[in-house]
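The values are calculated or read from the model by the stated rules, or taken from the named source; none is laboratory data. Only a predicted model underlies this, so the values are computations on that prediction, with no experimental measurement involved. Note that we place each Cβ from the backbone using ideal geometry, even for glycine, and neighbour counts take in every protein chain shown.
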Amino acid sequence: MSTLTRALSLIDPDELVALTRDLVRIPSVVRPDDPSANESAVAAHVERWMRAQGFDVEVQDVAPGRPNVLASLGDRAAGPTLLLEGHTDVVTEGDPAAWTHPPFGAALADGKIYGRGAADMKAGLAAALIAAVAIKRSGASLAGRLVVGALVDEEGDMLGAKHLCTTPIGRELSAAIICEPEQNELCLEQRGVVWARVTARGRMAHGAMPEAGANPITALAALIADAPRLERRLRALCARSRYLRPPTVTPTVIAAPVAGVPQSNVIPAAAQATLDVRLTPGPDAETVTKEIDEACRRAADACPGVSVEWTPVNGFRLATRVERTEPLVRAMVGAVRKVTGRPARWGGVPGSTDGTILRMELGIPIVTCGPGHRLIPHQVDEHVEVAELVDAARIYAAAALAYLKP
Ligand SMILES: [Zn+2]
C-alpha cells in the first residue's frame, strides 16, 4: 500500500464529523462588550486535541484570550513548510429563533452539519486537523514540515494572520492552503478590499440660513452619487477575471454629525461615509489611492467651503492571484483527481481572507479550497455537507503528501 493510500485510509469520517461538531458547539463569536466572548475555548480545544495526537504545538498570544494555535509535523530543515490554515472565530448567530436548528447545537441531519461556523469555517479547520493527523498516523516521511494553523480574528481585523507573519514560524512558511468554504474548488484568485472612510468637513450653521455655513452632507451626497464613476475607473484598471466579479464601490456607512447631538436645525461641521471598495488583481495601493483621492477631490469641488479626505480602515487588502504552475497548485490538482476521480474545478474568492494577509506580507503562494457552499457563510441555517467535508480532508492530506514528498 502506498503512503498516500495508507494516509487516506486513515481519515475516519466519523472522527472528522465528531471533531467538526465539537468545534461548532464551542461558540466563538467575538463580542467586544463581553471579555469572555472570544476564541479562547475553541483554541484550547484545538491545542489539547493536537497535543494528544503527539504534535508539537505553539500557542501565540495575539490579544488577551485570543491565541493562535499552530501544530507542526516534520522537519523544517528537510524542505518547505506548508500551512493548512483555518480561523477559529465565527460571526454572530443573529436571532437564534430564526434558525431551524440551534446555532451552536451542531445538529447532524440529512448528511449535513448545521450551526454558526459549520461552514465558515470549523469544517475546514477540522478537515485540516484530521488530514494532518492521518499523515502522522500513516508514518509518512515528509521532505519538510506541515503546520496546521488555527488563527484568531479573521472576521475582524485579521490580527491572527498579521501576528503570525511577524513570528519565526510565520516567516518560515513556504505556501498555504486556506481552508475557507469554497465548495472544494481551487481558488487561485481572491478579490481585495479597501474600506475608505471619507470625512467631509464644512462649517456649522443654522439650518434656516444655509448660506452662512458649508454643508459636509452635500459633499458626501456628491461623492456617493459619483461612486459609479469611481467603480468604472477601477474596473478599467483591474484585470478581468473569469473567477471574480469585477470591482465594486458600495457605500456602507454614513454618519452626521460626527460629534455632538444631531439636531434638525443645525448643519453639522463634519460628516462621514465609508465606501466598501472591492478590487480584482491589477492595480497597486498607490494607483487605487489616486483614484479615491480624485473622487474625494471631485466631491469637494462640488461643495465650496467643504474639504473631503479619506483614510483606509485597516489598511489595504489587495486582490491576490497565484499561477497554476506553482508546485502547491500542481499538488492540489493532483490531490483532487486522486480523491474525487475528476479534474479540479476552479473558482475565485469573492472577499479577502487570512490568505490575503499571508500573500501580501510573506509573498507566499496560497490556494483557497475548503468544504461548504460559497454563499452560506454568515447566513441563518449555515451548514456543511458531510460528503464535502470528508473530501476536503482527503484533498488536504493528498496535497500535503505531494507537496512535501521526499
Ligand atoms: Zn471564514
**Scan of segment 279-293 for residues that are in a helix (DSSP H, G or I), out of contact with any helix residue (DSSP H, G or I) (no Cβ under 7 Å at 6 or more places or on another chain) and acidic (Asp, Glu), ordered by number** = Glu286, Asp293
**Asked** Failed condition for Glu291, given (1) in the same structural domain as Leu159 (by TED's automatic domain parsing); (2) in contact (Cβ under 8 Å) with a residue 24 or more places away in the chain, with all others met?
**Response** (1)
**Asked** Quick check: anything in segment 126-144 among the polar types (S, T, N, Q), within 16 Å of the ligand (Cβ to nearest atom) and closer than 17 Å to Leu16 by Cβ?
**Response** no
**Request:** Please verify whether segment 81-98 includes one or more residues that are free of Cβ contacts under 8 Å to residues at least 12 places away in the same chain, more than 30 Å from Thr5 (Cβ to Cβ), of a type in the set (A, V, I, L, M, F, W, C) and away from the ligand (no atom under 16 Å from the Cβ).
**Result:** yes
**Item:** Residues of segment 90-131 that turn out to be of a type in the set (A, V, I, L, M, F, W, C) and surrounded by 23 or more Cβ atoms within 10 Å (Cβ to Cβ), as a count
**Value:** 14
**Message:** Residue under question is Leu70, and the condition is that it be in contact with a helix residue (DSSP H, G or I) (Cβ under 9 Å, 6 or more places away or on another chain) and within 16 Å of the ligand (Cβ to nearest atom); does it hold?
**Reply:** no
**Asked** Of the residues Ala221, Ala273, which single one is at pLDDT 95 or above and part of a strand (DSSP E or B)?
**Response** Ala273
**Item:** Verdict on Val329 being buried (at least 18 other Cβ atoms within 10 Å of the Cβ) and either of a type in the set (Ser, Thr, Tyr) or more than 16 Å from the ligand (Cβ to nearest atom) (or both)
**Value:** yes
**Message:** Let me confirm something: among Pro350, Pro365, Pro377, which residue is under 18 Å from the mean Cα position of the chain (by Cα) and closer than 20 Å to Arg21 by Cβ?
**Reply:** Pro377
**Prompt:** For the subset of segment 339-363 comprising residues that are crowded, with 22+ Cβ neighbours inside 10 Å and among the β-branched types (Val, Ile, Thr), which member is farthest from the ligand (Cβ to nearest atom)?
**Reply:** Val339
**Complete:** Scanning segment 1-34 residue by residue, the ones that are part of a helix (DSSP H, G or I), under 25 Å from Ser138 (Cα atoms) and in contact (Cβ under 8 Å) with a residue 12 or more places away in the chain total 14
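Quick grid of which residues meet (1) out of contact with any strand residue (DSSP E or B) (no Cβ under 7 Å at 6 or more places or on another chain); (2) among the β-branched types (Val, Ile, Thr); (3) assigned by TED's automatic domain parsing to the domain that holds Arg229:
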residue	(1), (2), (3)
Ser264	yes, no, yes
Ala270	no, no, yes
Thr274	no, yes, yes
Arg298	yes, no, yes
**Fill in**
Within segment 364-377, residues of a type in the set (Val, Ile, Thr) and either within 13 Å of the ligand (Cβ to nearest atom) or assigned to a loop (DSSP other than H, G, I, E, B) (or both) come out as Ile364, Thr368, Ile376
**Request:** Tell me, yes or no, whether segment 336-357 has at least one residue that is part of a strand (DSSP E or B), acidic (Asp, Glu) and touching a residue at least 12 places away in the same chain (Cβ under 8 Å).
**Result:** no
**Prompt:** Which of (1) touching a His at 6+ places or on another chain (Cβ under 9 Å); (2) on the phi < 0 side of the Ramachandran plot; (3) within 16 Å of the ligand (Cβ to nearest atom) does Gly115 not meet, given it meets every other one?
**Reply:** (2)
